[in-house]
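Heads up: the structure comes next, in structure tokens.
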Amino acid sequence: MMTAIPMSTGLTGTLNGPRHRTALNVFLFVVLAHWAEHIVQAVQIWVLGWPVPEARGVLGQFFPWLVTSEALHYGYALVMLVALWVLRKGFVGRARLWWNIALGIQIWHHVEHLLLLIQVQSGWFLAGRPVQTSVAQLIFPRVELHLFYNTVVFIPMVVAMILHARPNKEERARMSCSCARA
């Protein structure tokens, strides 16, 4: 029989041990709130027919700079990357595989935002475009691309959380948190 994975001490150990469920719930709330903003923006464009510059989600209607701040978007991508990395240690088995998939996709999403931030800071724009442009944005429109990125990170993340809450016998024996349902 396998034994539980030993957890490190300190904040990382706490977040992946006794506070793993709380940390995951807080992270999930942040991710859902961000994803909801992208959904609202998409509805504003495709259902309500708003021009893209006016479709700023909910918060962007009150704080328009949120939508145009590349530093803020990069910061969110970095927070996502760090949270996926830090909370990864609490996952085992099948859940770890799915969490790793979300992490891998987020690494690329982070690189895209880093590229956008560098362009804003330097004034150099990819492929001679008039504004900052990510690699995938050379093919796909920005609004659709970021909705896609957030979706493809979210789906494996949720699969991982479901599998984590419903581990098989071997996985349950290796867990160092109390996330598993009875």
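Values quoted throughout were computed directly from the atomic coordinates according to the rules given, and no laboratory measurement underlies them. Just so we're clear, the structure is a prediction, and the values are computed from it rather than from any experiment. Cβ coordinates were reconstructed from backbone atoms using ideal geometry, including for glycine residues, and neighbour counts include every protein chain displayed.
Okay, here's what the table says:
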| quantity | calculated |
| --- | --- |
| Of all residues making up the range 40-49, the number that are on the phi < 0 side of the Ramachandran plot and loosely packed, with under 14 Cβ neighbours inside 10 Å | 4 |
| The one condition in (1) touching a residue at least 60 places away in the same chain (Cβ under 8 Å); (2) farther than 30 Å from residue 15 by Cβ; (3) hydroxyl-bearing (Ser, Thr, Tyr) that residue 122 fails to fulfil | (1) |
| Qualifying positions in the range 59-112 - among the polar types (S, T, N, Q), closer than 23 Å to residue 16 by Cβ and surrounded by fewer than 20 Cβ atoms within 10 Å (Cβ to Cβ) | 100 |
| Conditions (1) surrounded by 14 or more Cβ atoms within 10 Å (Cβ to Cβ); (2) in a helix (DSSP H, G or I); number of the one not met by residue 162 | (1) |
| Residues that are touching a residue at least 12 places away in the same chain (Cβ under 8 Å) and under 16 Å from residue 174 (Cα atoms), drawn from the range 5-20 | 5, 6, 7, 8, 16, 17, 18, 20 |
| Residue list for the range 47-62, filter: closer than 17 Å to residue 35 by Cα and not in a helix (DSSP H, G or I) | 55, 56, 57, 58 |
| Members of the range 33-67 found to be under 17 Å from the mean Cα position of the chain (by Cα) and in contact (Cβ under 8 Å) with a residue 40 or more places away in the chain, listed by number | 34, 35, 38, 39 |
| Residues of the range 81-99 classified as farther than 13 Å from residue 156 by Cβ, assigned to a helix (DSSP H, G or I), out of contact with any Leu (no Cβ under 7 Å at 6 or more places or on another chain) and of a type in the set (A, V, I, L, M, F, W, C), total | 3 |
| Residue match in the range 128-149 (condition: within 21 Å of residue 27 (Cα to Cα), touching a residue at least 60 places away in the same chain (Cβ under 8 Å) and of a type outside the set (Gly, Ala, Ser)) | yes |
